[in-house]
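Working notes, structure below.
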Amino acid sequence: MLNPKAEQIQLTTSEACLRYLEHCKRRGFKLNTYRYKANIYKAMIYFWENDPDIKAVDSIMIEEFFDHVFDSSGGKTVNRYKREIKSLFNYLRKRHLIDNDPTSPIDDYEEEVFKKYVPPPEDIHAVLNVANEFESDIIRTAYHTAARSGEIRQITCEDIDLKNNALTLWTRKRKNGNSEADTIDMSQSLRKILQNRLIVCTKDCPWLFPSPKCKQLSKYTFDNIMPRLCKKANVKPFGFHAIRHHIAVQLAHKNWPLIKIQKFLRHKRATTTDIYLRSLINIKSSGASIIDDIELEMKALRSELR
């Protein structure tokens, strides 16, 4: 009784994955995130063609699976897979179900260069011209908030504070997938849009952009709005997140400081905003022109001394 032996729990890889997935479910992870993780773990076990004891999984086995994914889908996919598998092993290690993380010795894979699409202003206007009032209100709300699609779907009448000119957006883009509130100021245009939407809000239908049955608009229906309107407007397809890209670029071109863009996009870290902007535009340093100015000042000073 004074020196109890630690319980020796033996788990197959699939059993260990199920434990972690149940943990994710209890922590409120989104269903799509849960399914994404599950599909990765399933693909890994399928590749091995067996279900080994989780303690027997080593770096070589993991890396062979990563190499297979790299050959078929590229480095960016592998690195995403690696993050999810690392999360699994970190969970198991913290609970003393394994001794170490076999993904630790594996370096990140080289990613292909990919530049995110930024729709030009004329394409956004073209889409608005073919949208109905309901769709137009959604698009303009996305434009004035630079909000993510899931955040717009979740807006209710209780999130709108006209007295303080504030809108609360709920996001899960945080550590552990926890839902957190971000409060932003409303522009005059956004305030007008939301005021008009509040007229149709009721206790039984609190969503600002509800479905025809007064339920929360489904993700499928919401995500299908922009592709359908882009096709109707005959412009290159883009989604709601591309509008967020567009806003970020416009702010950068207006010479907004990085810290202000970070606050507007509601990124937790400035480094995230920096990486985000670099994936959208070629950010050039103004250092070269500043050095020219310094040299001219030095020449002027030398002339005065003479």
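Each value in this text was obtained by applying a stated rule to the coordinates, not by laboratory testing. Just so it is clear, the structure is predicted and the values come from calculations on it, not from any experiment. As a convention, Cβ positions derive from the backbone with ideal geometry for all residues, glycine included, and neighbour counts pool all protein chains shown.
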task = Rank 216, 169, 190 by how far each Cα sits towards the positive end of the charge dipole of the range 169-228 (+1 on Lys, Arg Cβ; -1 on Asp, Glu Cβ) and give me just the farthest.
result = 216
request  = Would you kindly derive the ³J(HN,Hα) couplings of the range 13-20 from the backbone phi angles with the Karplus curve 6.51 cos²θ - 1.76 cosθ + 1.60 (θ = phi - 60°), listing them in order in whole Hz, with x for Gly and Pro?
outcome  = 4, 5, 5, 5, 5, 5, 4, 5
task = About the Cα centre of the chain, how large is the charge dipole given +1 on each Lys and Arg Cβ and -1 on each Asp and Glu Cβ? Please answer in debye to the nearest 20.
result = 1220 debye
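Would you mind calculating the gained length between residue 23 and residue 80 on full extension (0.36 nm times residue separation, minus the Cα-Cα distance), in nm to one decimal? Please report the intermediate quantities before stating the final value.
Working: separation 57, 0.36 × 57 = 20.52 nm, distance 1.99 nm.
Length gained between residue 23 and residue 80: 18.5 nm.
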task = Pull up all non-local amide H partners of residue 156: gap of 5 or more, or a different chain, and H-to-H distance under 5 Å with H placed in the peptide plane.
result = 208
ask   = What number, rounded to the nearest 500 deg cm²/dmol, is the helix-based mean residue ellipticity at 222 nm of the chain, given -39500 (n - 2.57) per DSSP H run of at least four residues and division by all its residues?
value = -18000 deg cm²/dmol
key: Shape of the chain, Cα gyration tensor, a/c cut at 1.5   = oblate
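Multiply the residue separation of residue 170 and residue 182 by 0.36 nm, subtract the distance between their alpha-carbon atoms, and state the gained length in nm to one decimal.
Numbers: separation 12, 0.36 × 12 = 4.32 nm, distance 0.63 nm.
Net length gain for the segment: 3.7 nm.
If you average over every viewing direction, what projected area does the convex hull of the Cα atoms of the range 135-270 give, in nm²?
So the Cα hull casts an average projection of 9.4 nm².
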message = Compute the helix-to-body angle for 240-253: its Cα long axis versus the longest principal axis of the chain, expressed 0 to 90° and rounded to tens.
response = 50 degrees
query = So if we plug the beta-carbon distance of residue 110 and residue 279 into 1/(1 + (r/R0)^6) with R0 = 25 Å, what FRET efficiency do we get, rounded to 0.05?
reply = 0.95
